[in-house]
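Only one structure is covered here, and it is reproduced in the block below.
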Amino acid sequence: MDLNKDVKYIKGVGPSRVQLLNKLGIFTLKDLITYYPRTYEDRSRPKSIAECINGDEVLIEAIACGRLSDVRLRGKTMQRLLVRDETGSCTITWFNQSYLKNKFEVGKKYKFYGKITNNFGKITMTSPTFDEDEKNFNTGKIIPIYPLTYQLSQNVLRRIMEGGLAEVEGKLEETLPDYLLKEYNLEGINEATKHIHFPDKFEDFDIARKRLVFEELLSTQLALLELKNSYLNDEKGIRFDKNVKMSDVINKLPFKLTKAQIRVLEEIDNNMESEKPMNQLLQGDVGSGKTVVAMCAAYKAVKCGYQAAIMAPTAILASQHLENFQDILQELDIKCELLISGISKKKKEELLERLACGDIDILIGTHAIIEENVIFKNLGLVVTDEQHRFGVKQRTRIAEKGKNPDVLVMTATPIPRTLALILYGDLDISIIDELPPNRKKVETFAVHKNMTERINAFIEKQIQEGRQAYIVCPLVEENEELDLKSVEKLYETYQKEVFPQYKVEYIHGKMRPKEKEDIMERFKLGKIDILISTTVIEVGVDVPNSNIMVIENAERFGLAQLHQLRGRVGRGDYQSYCILKYEGKSETVKERMKVMCHTNDGFIISEKDLELRGSGDFFGTMQHGLPEFKIANLFEDMPILKSVQSAAVKILQDDPKLEEEKNILLKNLVKDKFMKRIEI
């Protein structure tokens, strides 16, 4: 049996449907059978008509009392059928489905599943699915509901899925070793695959899901731990000199470090002085002072005779790092330079020459640092900032420019610790869980669009007092062209209609780096009063004088992203404000806005974000270079995740390279599910 067989050869597919399946990411038989339902409808238990409650989705078994009638309504047609069981009658209606005319025989029994309307005892059901009494295709069982494109119906995909499952029934090779199936009481792969799509009862589904989630999380955890072990088991790392003290930098700082920063610096110092290569994740909320930590680590590397590379996701952020580093380190005789794609060819050549001969101590830049022609004389420390912007392998690519350099990965995306273990299982984790004492809490308000005039009056008051404002545009479904239009439209409204008396500018991701830097520089110097932006400012420049941020259509952003954006204000001595303008009355939207107003703690926010949105769109795990989870939900499946983590550690302690006979299946699983994709 070939699991890589093209899906077009599966029964029920054909040339037109294959394109629709491809749009869903289904190309092979394996893709099809691992395309899991998003929910299920219980159509297995019939109710009598008299029991039906208004708004319920139910299954009824009833006899057709007459022929289907066609009623014309302003260009539409409505089909109506009266059915009855021993407790009462129900009128069933469909719209524009004349083909149903000959489907029903008077006196014959049918099963209908749909939504009930019960108005003062008059019971109706609209557009139900149905089966003849003895058949059970659409009713009489638990039915899977799949995530779909609108051109492909649930019925069609279910038929195709049945065809795919018929091909593999009883023939799938087990992917987990026998000892794990027994120890964790897991179902075999054949039963689990069948029951995840078509469970006879919900207990079957629970058992199948537990097994598939366990496998998915275990393969990810094993792969990350293997990666970590390969770092540790490689040749020895650099043992940095104990006599070079980070306190030389700390004493030069114009502010005091927090206890959390000092604790983290001690952890990094110890790791740098060990002979194992350091692979450290530094998590810290927006504005918690991660850059200073990176600076101290880079200072130690340089004073021990090595070079350091600092990689940032944007040219704006790289330029800001350069400024901060130079302010402090120039006095300590350390040469820092900037490498971004915008610099001239001549300057770049000169810079690369100086880097290769060791005349530059710290190179700060964007992805440009990864390029092949960037050669260090003696790279000892690699720092990547905002890790969620880089794939798992990208930090390895820059690390390969030295001989086992230490690696420090920084992120301001607060991630619950258990989740961080899955996403960064190959790294040691340090957390700065304290903000500097001068950081004021950003006052956050969630308001409906009808408050726009009051908000504008508030912005004006702040600008009159000498402050500046950010206005963040809504996301338009990941469509850069539409995003761009919405920024330009908002800019025109603010500049021409709302605030013609002030200097308004806009910035978006499509601009050339030089253009963006120029705008941010003018904003920083106070030459722009209001900056309208897409989320490019999420990872941006410190502008202490900007103390107000308005986020349009805040309901379109994730909580973690709203928190990141909010972190752009509140960096100066003034009370700062974040105003979330939102639409929609759903409970989830209200709950999310409430969380933002009540807490500034990124870790609490990230837990809530995970709970309310699920891990799927928490931050798109593909960005991490990890394969997407097809079935695991990292919030709901925390208990399974915990048992998987202890299982993975135990397995690799006994057999670090998964070479024993009993672990061959695991080795194949990791290779199949992970290693092909981790090269991102």
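What follows draws every value from the coordinates through simple rules; no lab data is involved. Just so it is clear, the structure is predicted and the values come from calculations on it, not from any experiment. Every residue, glycine as well, gets a Cβ built from its backbone with ideal geometry; the counts of neighbours run over all protein chains shown.
Rounded to the nearest 10 degrees, the inclination of helix 154-168 to the longest alpha-carbon principal axis of the chain is 80 degrees.
Seen through its C-alpha gyration tensor, with square-root eigenvalues sorted a ≥ b ≥ c, segment 443-599 comes out rounded because a/c lies under 1.5.
What pairs from Lys276/Lys510; Lys236/Lys377; Lys503/Lys590; Lys630/Lys657; Lys276/Lys377; Lys441/Lys608 go past 30 Å between their alpha carbons? Violating the 30 Å Cα-Cα cut-off are Lys276/Lys510; Lys503/Lys590. Ordered by the count of other Cβ atoms within 10 Å of each Cβ, fewest first, Glu331, Glu337 give Glu331, Glu337. Across the chain, the longest run free of exposed loop sites, meaning chymotrypsin sites (Phe, Trp or Tyr not before Pro) lying outside DSSP classes H, G, I, E and B with no more than 16 other Cβ atoms within 10 Å, spans 256-680. A crude spin-label estimate for the pair Glu132 and Thr87, with each label 7 Å from Cα along the Cβ direction, gives 2.7 nm.
Any idea what the relative contact order of the chain is, in percent, if you count C-alpha pairs under 8 Å spaced at least 6 apart? Provide the component values of the computation, followed by the final result.
On the way: 1224 pairs, mean separation 84.7, N = 680.
Taking the mean separation of contacting Cα pairs over the length of the chain, I get 12 percent.
Once Lys and Arg get +1 and Asp and Glu get -1 on their Cβ, which of Gly88, Gly163, Leu59 lies farthest toward the positive end of the dipole of segment 45-195? The residue sitting farthest along the positive end of the dipole is Gly88.
Overall, segment 24-64 carries a charge dipole of about 200 debye about its Cα centre when +1 sits on the Cβ of Lys and Arg and -1 on the Cβ of Asp and Glu, all other atoms neutral.
With contributions of -39500 (n - 2.57) from each DSSP H run of at least four residues, the per-residue ellipticity at 222 nm computed over the chain stands at -11000 deg cm²/dmol.
Relative to the longest principal axis of the Cα atoms of the chain, helix 315-329 runs at roughly 30 degrees. Taking other residues whose beta carbon is less than 10 angstrom from the beta carbon of Lys252, and scoring Lys, Arg as +1 and Asp, Glu as -1, yields -3. The trypsin sites (Lys or Arg not before Pro) of segment 152-232 meeting both criteria, a DSSP state outside H, G, I, E and B (loop) and at most 14 other C-beta atoms within 10 angstrom of the site's C-beta, are Lys171, Lys201. In this simple spin-label approximation, Ala457 and His598 carry label points 7 Å from Cα along the Cα→Cβ vector, and these lie 3.0 nm apart.
Only one residue of Val13, Asn271, Ala192 has its Cα farthest out toward the positive end of the dipole of the chain, where Lys and Arg carry +1 and Asp and Glu -1 on Cβ, and that residue is Val13.
Taking the C-alpha atoms only, the angle from helix 290-303 to the longest principal axis of the chain is near 50 degrees. Under the simplified labelling scheme, the Lys76-Gln97 pair shows an inter-label distance of 1.4 nm, with each label point 7 Å from Cα along Cα→Cβ. What is segment 310-376 by shape, rounded, prolate or oblate, if you read a ≥ b ≥ c off the alpha carbon gyration tensor as root eigenvalues and call it rounded for a/c under 1.5, prolate for a/b larger than b/c, and oblate otherwise? Here segment 310-376 falls in the oblate category. For segment 263-272, backbone phi angles converted through the Karplus equation (6.51, -1.76, 1.60; θ = phi - 60°) give residue-by-residue couplings of 4, 5, 4, 5, 4, 5, 4, 4, 5, 5 Hz, Gly and Pro being listed as x. Restricting to the chain, compute how many DSSP beta bridges are antiparallel as a %, nearest 5. So the antiparallel bridges in the chain amount to around 40 percent.
To the nearest 20 debye, what charge dipole does segment 443-599 have about its Cα centre, counting +1 at the Cβ of each Lys and Arg and -1 at the Cβ of each Asp and Glu?
Here segment 443-599 has a charge dipole of around 260 debye.
With contacts taken as Cα pairs under 8 Å at a separation of at least 6 residues, segment 1-46 carries a relative contact order of 39 percent.
Taking one equal scatterer on every alpha-carbon of segment 102-191, how large is log10 of I(q)/I(0) by Debye at q = 0.23, 0.26 1/Å? So the normalised log intensities are -1.22, -1.29. Separation of segment 50-97 and segment 433-449 by C-alpha centroid, Å? So the two Cα centres are separated by 55 Å. Segment 234-284 and segment 1-47 have Cα centres spaced 52 Å apart. For the chain, a simple Cβ point-charge model (Lys and Arg +1, Asp and Glu -1, everything else neutral) yields a dipole of about 1840 debye relative to the Cα centre. Does segment 85-137 classify as rounded, prolate or oblate by the C-alpha gyration tensor (a ≥ b ≥ c root eigenvalues; a/c under 1.5 gives rounded; else a/b over b/c gives prolate, otherwise oblate)? Oblate is the answer for segment 85-137, as a/c is 1.5 or above yet b/c matches or exceeds a/b. Seen from Ser44, the other residues with C-beta closer than 11 Å to its C-beta sum to a net charge of +2, counting Lys and Arg as +1 and Asp and Glu as -1.
With Cβ to Cβ distances under 14 Å as the rule, what net charge do the other residues near Lys348 carry (K, R +1; D, E -1)? So the surrounding residues net to -2. Residues of segment 71-92 with an amide N closer than 19 Å to a point placed 7 Å from the Cα of Ser48 along the Cα-to-Cβ direction: 83-91.
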